[in-house]
Amino acid sequence: MKETDEQLIHLYENGNDAAFDVLLERYQQVLFAYILAIVHDEDQANDYFQETFFKAITYIRSHRYSETGKFQAWLMRIARNLIIDSVRHNRPIVDIVSDKEKDALQNTVNLSVGTVEIDFHNEQTVAELADMISRLPENQQEIIRMRIYEDRSFKEIAAMTNCSINTALGRMRYAVLNLRKLAVGRELTLLPKS
């Protein structure tokens, strides 16, 4: 008998990684086709696809998935929201400042030039983050380096580390959770230079 999506989700919540592999196999083609139809770029679609499953893993493992009987629709909603958020984030800001106001803004040191204090603060934040990453297990350090610093897709990471995409996503999830624990009590923010 073939398990329902909800049965597979319960199995995965309880540590059965193979159950998620079945879900991935069940929906990967339709989800990828859906994303590709929106973004029209295979590399971008692959990144959104991987981020969607990473987010799904995070929700399921933290017991935040609410059963609706429509796992496929839930995945597509996650993908759609990721795409919308990305478009909003990358949308250019419309310039509505007059020339006179623009000159005044550009001549304000605090707004146009990074101050020594801001540079120092940002350097300290980056150093603290690097220290936190160095405290992670080796396989989590590797996934952070490959995903964040080298901008590799989870598919590339899985191939390069000889593991499944699910394992790569899981390592990233645990790396993020461990970094959050290490960040407790620290003020890790990057200040804008302009």
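Each value in this text was obtained by applying a stated rule to the coordinates, not by laboratory testing. Nothing here was measured: the structure is a model prediction, and the numbers come from that model. Note that we place each Cβ from the backbone using ideal geometry, even for glycine, and neighbour counts take in every protein chain shown.
Toward the positive end of the charge dipole of segment 5-90, with +1 on the Cβ of Lys and Arg and -1 on the Cβ of Asp and Glu, the farthest Cα among Phe54, Gln29, Leu75 is that of Leu75. Sites listed here are trypsin sites (Lys or Arg not before Pro) in segment 1-89 whose DSSP assignment is loop and whose Cβ has at most 16 other Cβ atoms within 10 Å: Lys2, Arg64, Lys70.
For segment 5-90, rounded, prolate or oblate, judged on the Cα gyration tensor with a ≥ b ≥ c (square roots of eigenvalues), a/c < 1.5 rounded, else prolate if a/b > b/c? Prolate is the answer for segment 5-90, as a/c is 1.5 or above and a/b outweighs b/c.
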